[in-house]
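Read through the structure below, which is laid out as structure tokens, and then see the notes.
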Amino acid sequence: MLNNLTKSHEYPGKLLVVEGIDGSGKTTQLGLLAKWLAAEGHKVFVTEWNSSALVKAATKTGKKKNALTPMTFSLLHATDFADRLLYNIIPPLKAGMIVLADRYAYTAFARDATRGVDRQWVRELYSFAVRPDVTLYFRVPIDVSLDRLMARRVKLKFYEAGMDMGWSANPIESFRLFQGKVLDEYDRLVEEFGLNVVSAVGSITEQQRVVRDLVARHIHTTHVVESAETPDEQHV
Amino acid sequence: MSNTSEADAVIDGPTNGGIKPGKYYGRSIPYLPINGYPGKLIAVEGTDSVGRTTQIELLREWLEVKGYGVVETGWTRSPLMQPTIELAKSSNTLNKLTFVLLYATDFADRLEKEIIPALKAGFVVLTDRYIFTALARAGVRGVDRAWLRNLYGFAIAPHLVFYLKVDVDTLIGRVLGSRGMDFWESGMDLKHGDDIYDSFRAYQQKLLREYTSMADEFHFRTLDARRSIDKIQDELRRQVQAFLEP
């Protein structure tokens, strides 16, 4: 069996990943991180979860008709991931660039397990993935993430709220139930895959400082690490 | 992957030889328990031009006359994935991993929406190609075999797998006599060269070797597909009857 996810890669580039539920602020943090790294003179490439053109049509059809089962949902996302890994992630890594991934295989591990797919099966499914150099997991209580999403007046998306599980007809209640279980799954992953937990409750600037401290340990920058805390001490 | 996972994979994996017809090969779909379903799953496998479709039509007719409810399914026919697979094939942008995963998604869709409900309702499900086609094609392309077997661990082991076997020369004659050689069936993506005949021959030979190597692992019942349609059908009926009405 492949074991790429547990083995360091040998590409000259660096792979940085942000993870977290919707409303955790991870995309904002990723954006600031990208700005900083580019200003430091690095070549940066950003890739987002579920964004390849190849599977867009199928995902759209499936979502529109509410036709995706937990297994097809899982496999479609893995297909998208494989496509991006081979076209958008590995080539920049080979070229010595910094790849920033907004969600990675861990999103699949957390969500698919929550939907009732076999945990080990999903892990083996993604065993062809490249192990990230740093994974930042933005941990946030459900209420904080819901408040953020509501403040932005975003309509909770069907699958993000786990409406396909039929646990509640109320999108907010469904989000709470579904993402609550996703958070539990993420907690398993922290230890299993050594994710760095960043408390996503603090201010954007505070979080970004923590992020840059962590990243500066792996990537050459002019940044002076201010705190000597280890990632484990950053738990919420 | 953690250490425990590899140990688990060995215990649960389909390569362990503990294949039980009508059960999941490996790691199940936890939310779809299938124990005790009365239906039967019969797979007809083989390369191009071995007459699978014809044999299935005849078998279906015969089974229905005998009073069995029959459902047919095939490879890459799910409404969810068909457009995407066609698009990917025509644009030639598939790499081997996405190729494998697209087909697995398509299969999962059919398994959950056609095959499992039909087995639950007591139908005889005739499938024109099954996961072995995917395993053979991916195997030829160098995809990790253990990974592939884990991927398809959610497939249900058929009660019967018939493998219609031909030699490569017969195969070439039949393909040229019908619709000709196409890009994918010739394995042109493997870039063995520009000559489609040489590529087809080399590719199909490798495929045949893959099928042969799976015969024991997956309990194939191998039939000589060089014989006449009627002869093959007689043999199929004899074996199906012996299984359904022992």
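The values are calculated or read from the model by the stated rules, or taken from the named source; none is laboratory data. Because the structure is a prediction, the values reported are computed rather than measured. Positions of Cβ are backbone-derived with ideal geometry, glycine not excepted, and every protein chain shown enters the neighbour counts.
The sole residue among B:146, B:138, B:118 that is among the small types (Gly, Ala, Ser), touching a strand residue (DSSP E or B) at 6+ places or on another chain (Cβ under 8 Å) and part of a helix (DSSP H, G or I) is B:118. Can residue A:128 be described as of a type in the set (Phe, Trp, Tyr) and out of contact with any Gly (no Cβ under 7 Å at 6 or more places or on another chain)? Answer is yes for this residue.
Picking from A:49, A:121, which residue would you name as being at pLDDT 95 or above and among the aromatic types (Phe, Trp, Tyr)?
Numbers: A:49 fails: at pLDDT 95 or above.
The unique qualifying residue is A:121.
If you go through the stretch B:58-71 and pick out every residue that is among the acidic types (Asp, Glu) and touching an Asp or Glu at 6+ places or on another chain (Cβ under 7 Å), you end up with 0.
Looking across the stretch B:211-239, the residues that are farther than 12 Å from residue B:46 by Cβ and among the acidic types (Asp, Glu) come down to B:216, B:217, B:230, B:234, B:235.
Could you name every one of the helices (runs of 4 or more DSSP H) located completely within the stretch A:40-130 that has at least 2 residues being within 13 Å of chain B (Cβ to nearest Cβ) and more than 16 Å from residue A:182 (Cα to Cα)?
Per the criteria, A:53-64, A:70-84, A:90-94, A:119-125.
Do we find a residue being in contact with a helix residue (DSSP H, G or I) (Cβ under 6 Å, 6 or more places away or on another chain) and among the basic types (Lys, Arg) anywhere in the stretch B:226-236? Within the stretch B:226-236, one or more residues are in contact with a helix residue (DSSP H, G or I) (Cβ under 6 Å, 6 or more places away or on another chain) and among the basic types (Lys, Arg).
Restricting attention to the stretch B:18-66, the residues that are in contact (Cβ under 8 Å) with a residue 40 or more places away in the chain and either away from chain A (no Cβ under 14 Å) or not in a loop (DSSP other than H, G, I, E, B) (or both) add up to 31. Does residue B:80 satisfy the condition of being among the aliphatic types (A, V, I, L, M), part of a loop (DSSP other than H, G, I, E, B) and in contact (Cβ under 8 Å) with a residue 12 or more places away in the chain? Yes. Would you confirm, using the coordinates I've provided, whether residue B:161 is more than 13 Å from every other protein chain (Cβ to nearest Cβ) and either of a type outside the set (Gly, Ala, Ser) or in contact (Cβ under 8 Å) with a residue 60 or more places away in the chain (or both)? Judged against the criteria, residue B:161 is a match. Can you tell me which residue is surrounded by the most Cβ atoms within 10 Å (Cβ to Cβ) among those in the stretch B:214-228 that are over 22 Å from residue B:125 (Cβ atoms) and in contact (Cβ under 8 Å) with a residue 40 or more places away in the chain? Only one residue fits best here, namely B:226.
Applying a threshold of 7 Å to beta carbon distances and a minimum spacing of six or more residues, or different chains, the list of pairs starting in the stretch B:106-122 at a residue that is more than 9 Å from every other protein chain (Cβ to nearest Cβ) and ending at one that is of a type in the set (S, T, N, Q) reads B:110/B:73; B:110/B:78; B:114/B:73; B:115/B:73. Could you grab me the full set of residues in the stretch A:200-217 that are touching a residue at least 60 places away in the same chain (Cβ under 8 Å), over 15 Å from the mean Cα position of the chain (by Cα) and more than 18 Å from residue A:36 (Cα to Cα)? Matches in the stretch A:200-217: A:201 only.
Of all residues in the stretch A:158-199, those satisfying the criterion of being touching a residue at least 40 places away in the same chain (Cβ under 8 Å) and not in a helix (DSSP H, G or I) are A:158, A:159, A:160, A:162, A:194, A:195, A:196, A:197, A:198, A:199.
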